[in-house]
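Below is a structure I'd like to ask you about.
Every read-out reported here was derived from the displayed coordinates using simple, explicitly stated rules and does not represent laboratory data. These numbers come from a predicted model, not from an experiment. Here the Cβ positions follow ideal geometry from the backbone for every residue, glycine too, while neighbour counts run over all protein chains shown.
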Amino acid sequence: MSRIIAVTSGKGGTGKTTLAVNLAVQLAELGHRTCIFDADLGTANINIMLGINPKADIGDVVNGKMTIHDIMIHDPSGIDIIPGSSGVESIANLGAKRLDSLVAAFADAGSYDFYLFDTGAGISRRVIAFCLAAAELLLVITDEPTSLTDAYSLLKVLNHHKYEGRIKVVVNRCADLESARKVYRRFRAAVDLYLGVELEPLGLVFQDEAVSLSMQRQSPFIKLFPDSKAAGCVRSLAQRLTGDRAKETAPADIAAFWSNCVSYFNMPLELPGQDADPEEDNTRTADARQEEMLREVKRLADNFAGLTDELTSALKSLEKAGRRVESEESVQHEDEAGQQAGERPIYFLDLEAFVAETEKK
Ligand SMILES: Nc1ncnc2c1ncn2[C@@H]1O[C@H](COP(=O)(O)OP(=O)(O)OP(=O)(O)O)[C@@H](O)[C@H]1O
Ligand SMILES: [Mg+2]
């Protein structure tokens, strides 16, 4: 039996990978056998942070080409790493027989006290599946308004799908204790009011340049700068995670985790900005939709670029004709007025307004 924790956030770049890696190293330091699963399809941050270069991933185990021991990396910092990366997609399509072999592979990997799943950015089907399957969530927020609104959206989806695990909140990149408290209270107030989901404040990590310095040196800050403020915070997080209250957390079974995860991968999920999951959703992933949106935005940007060129040449020919051209100042003024009278911005800067708006839908 293990503690299975998904490190997640809603918004990208809040510090999930930094926290997962350093917390894992500290848990190992305390004598707990700890394994990180890189569940991020994207940037393979764990590799960069630890200066490792995996040649294979979980997909090679799922396809029967390799064993879990072939792909597992035993890092000198005391933790083991299972590269998920692009192989995570192949888990979604596992049949029952292959699922058994994945579960057997994890049993063969040895027993761990902690599995930390570093989920990727955004609220995609993959992230939701890992969160729903994990008994514990470590939700990383910062004081950025979009970090709070996206974390709220994530909890809303999990709540909708009746997530029953424990949700522990870490406020990252805080200037001081008071600002961390404020951020947590603000977030908690909105969650209490509109979702009724239970949260536990696990702690905070200060904004600290030791984090970026250690990133450049591809080594965890908890080892490289043990006296830094950030390292002190991570030690306290590890302590709380393993302390007295931890006894209330029922250890979970990694076999059950994977079979739940695969079924969540394939079940209709309601994600933000969508109506009930249509059937085609099983084949069109959130990533595909995101790519489509990006293409559309690029197309619009190209159109605008063309329009700007046309306007510039029209203004030039007007100037040539000796007509008075509006000063830059008045154009700017008009723009501002237009914005005031115009629609709401795409994201909401105010959490309460955001919540009120989403509840209306
Ligand atoms: N406490 C901190 N102090 C200073 N910088 C930090 C802190 N935590 C994270 N960072 C910086 O923030 C950036 C994002 O961190 P990280 O890659 O861990 O985020 P992430 O949530 O895993 O991102 P993604 O969603 O892209 O996977 C990195 O440059 C990291 O060095
Ligand atoms: Mg990351």
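Shape of segment 3-266 from its Cα gyration tensor (a ≥ b ≥ c, root eigenvalues): rounded if a/c is under 1.5, otherwise prolate when a/b > b/c, or oblate?
Oblate shape, in that a/c is at least 1.5 and b/c is the bigger or equal ratio.
Could you derive backbone 3J(HN,Hα) for segment 191-202 from the dihedral phi with the Karplus parameters 6.51, -1.76 and 1.60 (θ = phi - 60°), listing whole Hz in sequence and x where the residue is Gly or Pro?
5, 4, 5, 10, 10, x, 8, 7, 10, 10, x, 7
Give me the percent relative contact order of segment 187-241, please, defined on Cα pairs under 8 angstrom at least 6 residues apart.
Computed value for segment 187-241: 33 percent relative contact order.
Give a residue-ordered list of calculated ³J(HN,Hα) values for segment 4-10 (Karplus: 6.51 cos²θ - 1.76 cosθ + 1.60, θ = phi - 60°; whole Hz; x for Gly, Pro).
Computed from phi, the couplings for segment 4-10 are 10, 10, 9, 9, 9, 7, x Hz.
Once amide H atoms are built 1.01 Å from N in the peptide plane, which residues 5 or more positions from Val169, or in another chain, come under 5 Å H to H?
Amide H neighbours of Val169, under 5 Å, 5+ apart: Leu139, Glu200, Leu202, Gly203.
Which whole-number percentage describes the relative contact order of segment 3-266, with Cα contacts under 8 Å and a sequence gap of 6 or more?
Details: 475 pairs, mean separation 71.3, N = 264.
The normalised contact order for segment 3-266 reaches 27 percent.
Test of the criteria: in segment 163-228, which trypsin sites (Lys or Arg not before Pro) are in a DSSP loop and have at most 15 other Cβ atoms within 10 angstrom of their Cβ?
Sites meeting the loop and neighbour criteria: Arg217.
In segment 5-69, which trypsin sites (Lys or Arg not before Pro) fall in coil by DSSP and have 13 or fewer other Cβ atoms within 10 Å? Intermediate values should be presented prior to the final figure.
Working: sites: Lys11, Lys16, Arg33, Lys55, Lys65; in loops: Lys11, Arg33, Lys55, Lys65.
Passing both the DSSP loop test and the Cβ count: Lys55, Lys65.
Could you tell me the number of lysine pairs in segment 3-266 with C-alpha atoms less than 27 Å from each other, where the two lysines are 8 or more residues apart or belong to different chains?
Close lysine pairs found across segment 3-266: 25.
State to the nearest 20 debye the size of the charge dipole of segment 3-266 about its Cα centre, where the only charges are +1 on K and R beta carbons and -1 on D and E beta carbons.
Using Cβ point charges on Lys, Arg, Asp and Glu, segment 3-266 gives about 440 debye.
Do any GluC sites (Glu not before Pro) in segment 117-204 lie in a loop, going by DSSP, with at most 16 other beta-carbon atoms within 10 Å of their beta carbon, and if so which?
Glu164, Glu198
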